[in-house]
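What follows draws every value from the coordinates through simple rules; no lab data is involved. For clarity, every value in this text was computed on a predicted model and none was experimentally measured. Neighbour counts are summed over all protein chains in view; Cβ atoms, including those assigned to glycine, are modelled from backbone coordinates with ideal geometry.
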Amino acid sequence: MAGTFITFEGIDGAGKTTQIELFTARLTAEGRSVLRTREPGGDAIAEAIRSVVLDRSLQPMEALTEAYLYAASRAQHVRQVLLPALDAGKTVLCDRFLDSSLAYQGYGRMLGAERVLAINREAVGELEPDWTVMLLLDPSEARARMHTKKLDRIEAERLDFHQRVYEGFREIALKHPQRVFLADAALPVEKLSEMIYAAWKSRG
């Protein structure tokens, strides 16, 4: 691959979207060709799957069904969006990727990370992020940030679910210290943005 694949991860309410926007602006200012995308989603089919998996009216949804829906969306996204952009030399910034499935379905739904990884293995193929920014924020604070937002099916889950997801993300970061940059999402937005960019530049 000629391009660079960067993912942003973290629990709902941690501020991923804001930080991706700021990071995109910094990379674009360097003259990079940047593509922003998200999971689930990224193209018409993957977005259609997103609308199903996040729909609060579709209850109850089996944890295994949820895991396979995310993997199906990812299989589409990888082949129709991510790989073509990376092959074209773009820097791809993705709001969530495989780590989210491991944290949300593996830890949050308690399916187990290895089981979720097996479900996703064919979906991702050989693709792995070159670098991951993981925004950590206490689930109670994250929930407070979203008090004016209409919550989707995952966001509306109980606090204990989000606590397990949070712990899952921490475990993933500890297992992959070379790839994952842990960032304190409680910091002021601009300071956090500067730290993320500095960490990126320090990679050489």
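For region 11-65, what is the Kirkwood estimate of the hydrodynamic radius, computed as the reciprocal of the mean inverse distance between distinct Cα atoms, to one decimal in Å?
For region 11-65, inverting the mean 1/r across all distinct Cα pairs yields 13.7 Å.
For an R0 of 22 angstrom, estimate the FRET efficiency from the Cβ-Cβ distance between LEU159 and ASP55 and round to the nearest 0.05.
Step by step, r from the Cβ atoms, then E = 0.55.
Kindly give Rg over Rh for region 1-118, based on alpha-carbon atoms, with the Kirkwood expression for the hydrodynamic radius.
Ratio value, two decimals: 0.99.
Name the residue, out of ARG96, ARG79, ARG109, whose mean-square fluctuation peaks in a Gaussian network model built on the chain with Cα pairs under 10 Å.
ARG79
Run the reach check for LYS149 against aspartates and glutamates, Cα to Cα strictly under 17 Å, same-chain hits fewer than 8 apart removed. What comes back?
Candidates past the 8-residue exclusion: ASP12, ASP55, GLU141, GLU157.
Tell me which lysines have Cα within less than 27 Å of LYS90's Cα, excluding those fewer than 8 residues away on the same chain?
Reachable lysines: LYS16, LYS191, LYS201.
Please state, rounded to one decimal and in Å, the Kirkwood hydrodynamic radius that the chain gives when every pair of distinct Cα atoms enters the mean of 1/r.
Across the chain, the inverse of the average 1/r is 17.1 Å.
Per DSSP H run of n ≥ 4, the term is -39500 (n - 2.57); total these for the chain, divide by its residue number, and report the mean residue ellipticity at 222 nm rounded to 500 deg cm²/dmol.
Helix contribution divided over all residues of the chain: -14500 deg cm²/dmol.
Assuming 0.36 nm per residue, please report the length gained on full extension of the stretch LEU151 to ILE45 beyond their Cα-Cα distance.
35.9 nm
Suppose R0 equals 25 Å; then what is the FRET efficiency for ALA29 and SER202 from their Cβ-Cβ distance, rounded to the nearest 0.05?
Given R0 = 25 Å and the Cβ-Cβ separation, E is 0.90.
Rounded to the nearest 0.05, what FRET efficiency do MET195 and THR65 have when you use their Cβ-Cβ distance and R0 = 35 Å?
0.35
Per-residue counts of other Cβ atoms within 10 Å, averaged by peptide: what ranking do you get for 2-10, 32-40, highest first?
Ranking, from highest mean packing down: 2-10, 32-40.
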